[in-house]
Structure formats: C-alpha cells, structure tokens
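To keep things clear, I will list the structure first and then write my remarks on it.
The values are calculated or read from the model by the stated rules, or taken from the named source; none is laboratory data. Not measured: the values here are computed from a predicted model. Please note: Cβ atoms are built from the backbone with ideal geometry, for glycine as well, and neighbour counts cover all protein chains shown. Ligands, DNA and RNA are excluded from the accessible area calculation, which covers all protein heavy atoms including side chains. Shrake-Rupley method; radii C 1.70, N 1.55, O 1.52, S 1.80 Å.
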Protein chains: 2
Amino acid sequence: MKIPTGNVFADIPAALPAELFTPLLDAPNVRIERIVSLGHASPPGFWYDQPQAEWVIVLLGAAAILFEGEASPRTLRRGDYLHIPAHAKHRVAWTEADAPTVWLAVHHR
Amino acid sequence: MKIPTGNVFADIPAALPAELFTPLLDAPNVRIERIVSLGHASPPGFWYDQPQAEWVIVLLGAAAILFEGEASPRTLRRGDYLHIPAHAKHRVAWTEADAPTVWLAVHHR
C-alpha cells in the first residue's frame, strides 16, 4: 500500500532567502503545507485575502499574525493554532529572527 | 472578528484512563482533532476502517501504526506524518508508555 510519509522538521535549510512552502497533502477539499520562516514578514501594506479558510499551527519558533481591523497582532508560539476564515484579511507581522519557525497550514473549503 | 484559537499542548491530563479526543476544527469537508495517548493501543483484533481519509502527525511522544497486510508497524516520532487513505485498515500498535503522545489528525473528504 502506498502511504505518503515524511517529517515536518526534516530538510530545513540553514539559509532562507524567502519563506519555504512545502506541500504535504493535496486533496480535493484540503491542502496541507509546511511553511518555514526565518525572520520573514509580509511586505508592508500587503494583506492575504484568501478564498479558502486556513487552520494554522506553529510547531517551532514564534510568529505573529495581524488581522485587519485589530489593534495588535496575535502572537503564536509552539503549539498555538488559530483558524483564519476565508477572506479574513491578515498579514504576518513578524517571525522569529534567529531560528526557524515551522508552521503547518491546512487550507480547506 | 471571532478567531478560534488554542494550544495543542495545553490541558493534557496527568492521568489518561482512555485516549483523549479533542475537536479543534469542524468544517464541512475537514475535521481536525487532537488525540492524546499514554501507552494506549487499539484492542487486539480491532482495525480502524474509516470512510474518510486521514492525515496524521505525531507532535510529541511516539507511536506505531500497523496497516493490514504489512509485516510490521510504522513508527512515528516527533514530526512524523502519514496519510491514511479511506478504508485503509489500520490499528495503533503502541504508543509511548511513560509520557503522553500528542497527535494531530486531519480527517477529510
């Protein structure tokens, strides 16, 4: 039987000029990806506006997400998750600068 | 804006007479749950036979899943994930006995 497997903490490059997106599952209604950040943030003035909802968890490191209309970003540390409704505008305010942040994102209809 | 949040490592009871299943997201096509095990395994002769596919990752601890027809179970340690197709019969062969194992399961159509 073909069982796709892997480890979410494997193959993290030492240098990360840009955030690294790795697809882990691509199914009709759900897409799971790993994101590795290293001090990255969304460009100034940029907002994600996604047609699908996204459940996201930080597995390593730390990050903060700012939602449009909120006064301050929500900090996510190891194990913290949140659910981003479709079209909820948000941006990555910051990610830890000196060590990788590993996210797991579950995009779904 | 209502943004559901939490931490997957929070509220782990010291004693676990049975595995603990905690729903984290319940959407039309995807259901995410946390599972906490402590030495638990599927009952002898029991096989999961699920109508939906399941992507599962071990975030803490260790466990092993046996698929029907395979000679030995697949061990999962921190960060290891695998995808269980719908109706792929499987059972939990073992989970770590002396510390909790935390799984994240993404059931999807």
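Got the A:Ala15 label distances to the other copies yet, label 7 Å along Cα→Cβ, in nm, shortest first?
When each copy's label point is compared with this one, the spacings are 5.6 nm.
Roughly how many percent of the accessible protein surface of chain A is carbon and sulfur, given a 1.4 Å probe and a whole-percent answer?
Numbers: 2860 of 5090 Å².
Summing carbon and sulfur atoms, their accessible area is 56 percent of the total for chain A.
Taking a label point 7 Å out from Cα toward Cβ, give me the nm distances from B:Ala27 to the same spot in the other copies, shortest first, one decimal.
Copy-to-copy label distances for B:Ala27: 1.2 nm.
At A:Pro43, with labels set 7 Å past Cα in the Cβ direction, how many nm apart are the copies from this one, shortest first?
So the label point of A:Pro43 gives 5.9 nm to the other copies.
Chains B and A: what accessible area do they bury, summed, in square angstrom to the nearest 100, with a 1.4 Å probe?
Working: alone 6650 and 6670 Å², together 10160 Å².
Between B and A, the summed buried area is about 3200 Å².
To make sure I understand the rule: partners must be aspartates and glutamates, Cα under 12 Å from the Cα of A:Lys89, and not fewer than 8 residues away in the same chain. Which ones qualify?
A:Asp49, A:Glu54, A:Glu68, A:Glu70
If you average the sequence gap of Cα pairs under 8 Å that are 6 or more apart and divide by the length of chain A, what percent do you get for the contact order?
On the way: 242 pairs, mean separation 37.1, N = 109.
Answer for chain A is 34 percent.
In the stretch B:3-19, what residues drop by 20 Å² or more in accessible surface going from the chain by itself to the full protein assembly, probe 1.4 Å?
Those residues are B:Ile3, B:Pro4, B:Thr5, B:Gly6, B:Asn7, B:Val8, B:Phe9.
Among A:Leu76, A:Leu25, A:Leu66, which one shows the highest mean-square fluctuation when chain A is modelled as a Gaussian network with alpha-carbon springs under 10 Å?
It is A:Leu25.
Considering only protein heavy atoms, what is the solvent-accessible area of A:Lys89 at a probe of 1.4 Å, reported in Å² to the nearest 10?
For A:Lys89, the solvent-accessible surface is approximately 70 Å².
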